[in-house]
Amino acid sequence: MTRILYLQNSLFGADGASSRLSRAFIDGYRDAHPDTEVVTRDLVSDGVPHLDLERAGALRGFSDGLNQAQKDVLARSDAFVQELRDADLVVIGMPMYNFGAPTQFKAWIDHIARAGVTFKYTDTGPVGLLEDKPVRVFAAHGGVHAGQPYETTTVFVKQIFGFMGIRDVRFIYAEGLNMGDEVKHQALARAEAEIAAELEALSATAA
């Protein structure tokens with residue numbers, strides 16, 4: 001059985017373009033692997049809090065004694081980490097807001113990127129503590145931005161997952177979604193073709 005962790009980040013929920021592409025990929029994977037389990041984490045509706053000093057104290061270990069609120073923070077972080085550890089495949093719906101990843105996704109990262117838990121520092125440099133696994137990111141852009149120096153999401157996502165030990169990270173882009181119906185249609189058609197190819201590649205690897 002395969003377990004998919006699906007991280008939804010669109011402010012539009014299931015109606016967002018990144019969400020629809022992610023679900024198309026997941027549905028295609030489940031068609032080929034009917035026993036697949038999907039764990040969905042909607043980072044918008046779940047309301048993952050951003051860091052403050054008290055929360056960082058719990059997650060980074062610089063509070064001598066944790067109060068109950070901090071213990072709750074740590075328990076939630078542990079649950080996020082365990083979901084990631086348990087997943088065989090991670091699917092991320094990734095809209096781009098102001099040239100970067102949604103703040104909810106960054107907040108989730110802040111809760112899982114923990115020294116001694118998902119990475120460690122050694123005399124020869126940092127070492128990731130998570131097993132490598134496929135991460136497939138479905139990025140929806142209103143304009144055409146992939147590969148531009150100001151588009152920070154791709155570099156950030158690959159860097160932070162690699163830092164924790166996960167290097168099999170690939171992006172599928174749907175761009176120009178706000179540039180007219182014809183451009184949008186073509187972009188979605190290209191993304192759907194890439195999804196089909198990616199599903200075939202993953203099936204071949206599994207076989």
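The values are calculated or read from the model by the stated rules, or taken from the named source; none is laboratory data. Quick caveat: nothing in here was measured; it's all calculated off a predicted structure. Reconstructed Cβ throughout: ideal geometry from the backbone, glycine too, with neighbour counts over all protein chains shown. Calculation scope for accessible area: heavy atoms of the full protein, side chains included, ligands and nucleic acids excluded. Shrake-Rupley method; radii C 1.70, N 1.55, O 1.52, S 1.80 Å.
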### Query
Would a scan of segment 147-164 turn up a residue that is open to solvent by less than 80 Å² (accessible area, probe 1.4 Å), under 22 Å from PRO95 (Cβ atoms), in contact with a Leu (Cβ under 6 Å, 6 or more places away or on another chain) and modelled with pLDDT of 95 or more?
no
### Task
Answer yes if at least one residue in segment 65-86 is farther than 22 Å from PRO102 by Cα, of a type in the set (Gly, Ala, Ser) and assigned to a loop (DSSP other than H, G, I, E, B), and no otherwise.
yes
### Task
Please tell me if VAL48 is assigned to a helix (DSSP H, G or I), open to solvent by less than 20 Å² (accessible area, probe 1.4 Å) and modelled with pLDDT under 95.
no
#### Entry: Residues (in a loop (DSSP other than H, G, I, E, B) and over 30 Å from SER18 (Cα atoms)) located in segment 51-64
GLY61, PHE62, SER63, ASP64
### Query
Taking MET94, is it open to solvent by 70 Å² or more (accessible area, probe 1.4 Å) and outside any helix (DSSP H, G or I)?
no
### Query
Out of GLY93, GLY28, which single residue is in contact (Cβ under 8 Å) with a residue 60 or more places away in the chain and touching a Phe, Trp or Tyr at 6+ places or on another chain (Cβ under 6 Å)?
GLY93
### Failed item, numbered, when GLY65 is tested on (1) open to solvent by 20 Å² or more (accessible area, probe 1.4 Å); (2) modelled with pLDDT of 90 or more; (3) more than 20 Å from GLU194 (Cα to Cα)
(2)
### Query
Has segment 68-79 got at least one residue that is open to solvent by 10 Å² or more (accessible area, probe 1.4 Å) and closer than 30 Å to GLY147 by Cβ?
no
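Please specify each residue of segment 133-146 satisfying the condition of being modelled with pLDDT of 95 or more and more than 14 Å from GLU194 (Cβ to Cβ). Give the steps one after another, and end with the answer.
Taking segment 133-146 as the starting set, the residues that turn out to be modelled with pLDDT of 95 or more are 133-141.
If the condition is that a residue be modelled with pLDDT of 95 or more and more than 14 Å from GLU194 (Cβ to Cβ), then LYS133, PRO134, VAL135, HIS141 are the ones that fit.
From the set of residues in segment 17-39 that are in a helix (DSSP H, G or I) and of a type in the set (A, V, I, L, M, F, W, C), which is farthest from the chain's Cα centre (by Cα)?
Step one: list which residues in segment 17-39 are in a helix (DSSP H, G or I), which gives 17-32.
Narrowing the set further to residues that are of a type in the set (A, V, I, L, M, F, W, C) leaves 17, 21, 24-26, 32.
Working: ALA17: 15, LEU21: 14, ALA24: 16, PHE25: 14, ILE26: 14, ALA32: 22 Å.
The selected residue is ALA32.
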### Query
Pick from segment 166-207 the residues that are touching a His at 6+ places or on another chain (Cβ under 9 Å) and within 30 Å of THR118 (Cβ to Cβ): which of them is modelled with the lowest pLDDT?
ALA206
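Quick check: anything in segment 166-179 under 17 Å from PHE80 (Cα atoms), in contact with an Asp or Glu (Cβ under 6 Å, 6 or more places away or on another chain) and open to solvent by less than 30 Å² (accessible area, probe 1.4 Å)?
yes
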### Task
Select, from ALA107, ALA113, the only residue that is over 21 Å from SER10 (Cβ atoms), modelled with pLDDT of 95 or more, among the small types (Gly, Ala, Ser) and out of contact with any Ser or Thr (no Cβ under 8 Å at 6 or more places or on another chain).
ALA113
### Task
Would you be able to say whether some residue in segment 51-61 is surrounded by fewer than 18 Cβ atoms within 10 Å (Cβ to Cβ) and modelled with pLDDT of 95 or more?
no
